[in-house]
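A short worksheet on the structure shown next.
The values are calculated or read from the model by the stated rules, or taken from the named source; none is laboratory data. In this text the structure is predicted, and so the values were computed from the model without any measurement. We place every Cβ from the backbone using ideal geometry, glycine too, and count neighbours over all the protein chains shown.
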Amino acid sequence: MEPLLKLSKKTLSPLEGKKNLLAFSAGVDSSALFFLLIQHNILFDIALVNYNLREESKEEEVYALHLAQKHTLKAHIKQAPYFKNNFEKNARDFRYAFFDELMTNYDNLLTAHQLNDQLEWFLMRLSKGAGTSELLGLEAISRRKEYRVIRPLLQQAKDELENYLKKNNHKYFIDASNTDEKYERNRFRKNFSDKLIEDYKEGIKRSFGYLKKDKKVLARGVEELFHEKEFYVLSYTEEHQIVRLVDKYLKKLGYLLSGQQRVELKKETSLVFGGLWAVEIEAKNIFIAPYKNITMPKTFKEECRKRKIPSKIRKYLYEEEIEIRFLGI
């Protein structure tokens, strides 16, 4: 039977000849992406986190192992602990910590975010107050730490993916927790995004395309001046670029800013987020590094002062032995 969907060349090209890992759940989205990758002869392995919250969880894990054996690929399985509070955040942090560990052996992490997810994110950020960069949080290709995250399905609606699976007789599971409205994302999905896509799918696809072109225009004048390990120096030309830049680079490093933290960025120039990340903003430069609490020799502190390296950044540079004379700022 002729497949109904094809992946775009934009997202296929970075996968060819690379080591790829698919974040797999056995649900509609990741199952569709699994079989589309097979269809396009892309080599990949899969990674599944089992939260053991539903009766089907074990069956989904068995299915993942079956697919891996059938298509001769590796399946990385991780059992999650029980998260008593703030499940969405804790589950995401656990999942990406697992991916980060695996990605030392891969080039690209593939996720099955699709058009409905993109609209849900847009509406959730819109309801809290956000700029263009925050509203368009899901990109087809982005970087996280030392690897790329590729989302090949952002232009496909969930119903299109489900139709593809049904037409080609591919097995998949339905996660009943996706309808539980105690989770914010599910409330937006049920009450807003699914209804909008059902009635205005093609217009929404076009709008995201236009908005992402506009986002590129807004990014002009931004430059990455220096990067080593988890230390970045960025330049900017307009104040409105600061929040977007810090948000973008902290995401690369695995940290998501809250709405309140974005407000703080507009008021303060020297911050520590979550006790983990130091952000220093000076005239046209932004410094980002892990926040450390160690003792430095006076000679190193003095050299940093002469080179105008902000105080909250210095300890990481010292601990990681980063040559500050090469910063060129």
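Evaluating ASN90 against the criteria (1) more than 27 Å from ARG189 (Cα to Cα); (2) surrounded by fewer than 16 Cβ atoms within 10 Å (Cβ to Cβ) leaves one unmet condition, (1).
Could you list, in sequence order, the residues of region 12-42 that are in a loop (DSSP other than H, G, I, E, B) and either touching a residue at least 24 places away in the same chain (Cβ under 8 Å) or not assigned by TED's automatic domain parsing to the domain that holds ARG95 (or both)? Talk me through it step by step, then tell me what you get.
The initial filter retains those residues of region 12-42 that are in a loop (DSSP other than H, G, I, E, B), namely 16-19, 24-27, 40-42.
If the condition is that a residue be in a loop (DSSP other than H, G, I, E, B) and either touching a residue at least 24 places away in the same chain (Cβ under 8 Å) or not assigned by TED's automatic domain parsing to the domain that holds ARG95 (or both), then GLU16, LYS18, LYS19, PHE24, SER25, ALA26, GLY27, HIS40, ILE42 are the ones that fit.
Considering only residues in region 43-56 that are out of contact with any helix residue (DSSP H, G or I) (no Cβ under 7 Å at 6 or more places or on another chain) and in contact (Cβ under 8 Å) with a residue 60 or more places away in the chain, the one that is surrounded by the most Cβ atoms within 10 Å (Cβ to Cβ) turns out to be ASP45.
Give the residues of region 92-127 that are closer than 24 Å to PHE208 by Cα and not hydrophobic (A, V, I, L, M, F, W, C), sorted by residue number. Outline the logic, then answer.
Just the residues of region 92-127 that are closer than 24 Å to PHE208 by Cα, to begin with: 108-127.
Answer for region 92-127, where residues must be closer than 24 Å to PHE208 by Cα and not hydrophobic (A, V, I, L, M, F, W, C): ASN108, THR111, HIS113, GLN114, ASN116, ASP117, GLN118, GLU120, ARG125, SER127.
Residues in region 229-255 that are touching a helix residue (DSSP H, G or I) at 6+ places or on another chain (Cβ under 8 Å), farther than 16 Å from GLY274 by Cβ and hydrophobic (A, V, I, L, M, F, W, C): PHE231, LEU234, ILE242, VAL243.
Yes/no matrix, rows are residues, columns are (1) polar (S, T, N, Q); (2) in contact with a helix residue (DSSP H, G or I) (Cβ under 8 Å, 6 or more places away or on another chain); (3) surrounded by fewer than 19 Cβ atoms within 10 Å (Cβ to Cβ):
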{"position": "ASN85", "(1), (2), (3)": "yes, no, yes"}
{"position": "LEU109", "(1), (2), (3)": "no, yes, no"}
{"position": "LEU126", "(1), (2), (3)": "no, yes, yes"}
{"position": "LEU135", "(1), (2), (3)": "no, yes, yes"}
{"position": "PRO152", "(1), (2), (3)": "no, yes, no"}
{"position": "LEU161", "(1), (2), (3)": "no, yes, no"}
{"position": "ASN169", "(1), (2), (3)": "yes, no, yes"}
{"position": "ILE174", "(1), (2), (3)": "no, yes, yes"}
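Does region 179-197 include one or more residues that are loosely packed, with under 14 Cβ neighbours inside 10 Å, over 23 Å from the mean Cα position of the chain (by Cα) and over 26 Å from LEU53 (Cβ atoms)? Checking region 179-197: at least one residue is loosely packed, with under 14 Cβ neighbours inside 10 Å, over 23 Å from the mean Cα position of the chain (by Cα) and over 26 Å from LEU53 (Cβ atoms). Just wondering, is there one or more residues in region 115-124 that are assigned to a loop (DSSP other than H, G, I, E, B) and surrounded by 19 or more Cβ atoms within 10 Å (Cβ to Cβ)? Taking every residue of region 115-124 in turn, none turns out to be assigned to a loop (DSSP other than H, G, I, E, B) and surrounded by 19 or more Cβ atoms within 10 Å (Cβ to Cβ).
Return the residues of region 49-90 that are among the acidic types (Asp, Glu) and in contact with an Asp or Glu (Cβ under 7 Å, 6 or more places away or on another chain); say none if nothing qualifies. Of everything in region 49-90, nothing turns out to be among the acidic types (Asp, Glu) and in contact with an Asp or Glu (Cβ under 7 Å, 6 or more places away or on another chain).
Out of all the residues in region 57-83, which are surrounded by 15 or more Cβ atoms within 10 Å (Cβ to Cβ) and either among the basic types (Lys, Arg) or not assigned by TED's automatic domain parsing to the domain that holds ALA140 (or both)? If the condition is that a residue be surrounded by 15 or more Cβ atoms within 10 Å (Cβ to Cβ) and either among the basic types (Lys, Arg) or not assigned by TED's automatic domain parsing to the domain that holds ALA140 (or both), then LYS78 is the only one that fits. Each residue in region 61-96 was checked for being without any contact (Cβ under 8 Å) to a residue 24 or more places away in the chain and small (Gly, Ala, Ser), and 1 pass.
With the structure loaded, tell me whether TYR63 is over 23 Å from the mean Cα position of the chain (by Cα) and among the aromatic types (Phe, Trp, Tyr) or whether it fails that test.
Numbers: over 23 Å from the mean Cα position of the chain (by Cα): yes; among the aromatic types (Phe, Trp, Tyr): yes.
Here the answer is yes, as TYR63 does meet what is asked.
Looking only at region 234-241, decide whether some residue is outside the structural domain of PHE94 (by TED's automatic domain parsing), over 22 Å from the mean Cα position of the chain (by Cα) and among the small types (Gly, Ala, Ser). Yes: one or more hits.
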